Amino acid sequence: MTALITGASSGIGRAIARELAKRGIRLVISGRNYEALAKLRDEIGEKRVKIIPADLSKVEECYRLYDEAKKYNIDILINNAGFGLFGKFAETDLEREIEMIDVNVTAVHILQKLFLKDFRKRDKGYILNVASSAGFMPGPYMATYYCTKNYVVRLTEAVSAELKNEGSHVSVSALCPGPVDTNFNNTAGVTFALKGITAEYAAKCAVEGMFAKKTLIIPTLKMKIADYGAGFLPPMLLAKIAGFMQKKKGDV
């Protein structure tokens, strides 16, 4: 089997690459940091890893990545590339937010649709979208990021239902962790209010859940209770709770 992993240069993406490599799966890794990707390739083994650098904030780069990666007969798509931004919505940088939407939403949508068409023709394949517990609620002070992850969660659930209804052997899953100890919070400009899990643990849960064809993969019992419990609370109460937690992350 061969997996394409976006955002593989660090964090959960890099950890998933290592987890899949342990299982003997060949890798096509993508990201903007070629040096970091090359280091990961050398660590895993040059013969087992191909690198396709890409900037997924650009639509044309998403299509180019698909065109180049499909030559390797991809069986698994890991849509991991993404980032966040902290601050009051009225004050955060608009261009940076548009870039976030392009990476977190548009790129995920494009790559999932293109590879899903190939997988359905073969009636096999796995798609794993890296979402977040943020996908289950509104998120004051990280409003755009939370909205992008809402999109990923709901898209995954909808497409998964379509595939199950047609009896397809293709599966679509979303990884929805709480805080993970990665470079994400440095990029977003926050510190986690809650203790995070390791990227390695998140990756192990993600890969196991993906192969088990779970639609939503939520590491740790605490986050499962929190995420499912969120569905029973009024949206405005959820917003207040999330806003309180976000305020603990940074200065707003």
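Give me the net charge for the shell around Tyr126: Cβ to Cβ below 9 angstrom, other residues only, Lys and Arg +1, Asp and Glu -1. Working shown, then result.
Details: positive: Lys124, Lys213; negative: Asp75.
Neighbour charge sum, excluding Tyr126 itself: +1.
Compute the signed sum of charges (Lys and Arg +1, Asp and Glu -1) over the other residues within less than 14 Å, Cβ to Cβ, of Ala158.
Values: positive: Lys113, Arg154, Lys164; negative: Glu157, Glu162, Glu166.
Once positives and negatives cancel, what remains is 0.
How much space per residue, in cubic angstrom, does the convex hull of the C-alpha atoms of region 58-179 take up?
93 Å³
Non-local amide H neighbours of Ala174 (under 5 Å, H modeled in plane, Pro and chain starts lacking H): which ones?
It is Asn129, Leu216, Ile217, by chain and number.
Once Rh is set to the Kirkwood radius over Cα pairs, what Stokes-Einstein translational diffusion coefficient, in µm²/s, holds for region 1-109 at a temperature of 37 °C and a viscosity of 0.692 mPa s? Could the numbers behind the result be given before it?
Numbers: Rh = 14.3 Å.
Answer from the Stokes-Einstein relation: 229 µm²/s.
Mind ranking Lys47, Lys121 by accessible surface for me, highest first, 1.4 Å probe? Please report the intermediate quantities before stating the final value.
On the way: Lys47 200, Lys121 170 Å².
Descending order: Lys47, Lys121.
Expressed as cubic angstrom per residue, what is the convex hull volume of the alpha carbon set of region 127-171? Walk me through the numbers before you get to the answer.
On the way: hull volume 2.4 nm³, N = 45.
So the per-residue Cα hull volume is 54 Å³.
So how do 198-207, 30-39 stack up, highest first, on mean other-Cβ count within 10 Å?
Numbers: 198-207: 21.2, 30-39: 16.9.
Highest mean packing first, the order is 198-207, 30-39.
The values are calculated or read from the model by the stated rules, or taken from the named source; none is laboratory data. Since we're looking at a predicted model, the values are computed, not measured. When we count neighbours, we look across all protein chains shown, and the Cβ atoms used for this are built from the backbone with ideal geometry, even at glycine. Note: accessible area is taken over every heavy atom of the protein model, side chains too, but ligands, DNA and RNA are not part of it. Shrake-Rupley method; radii C 1.70, N 1.55, O 1.52, S 1.80 Å.
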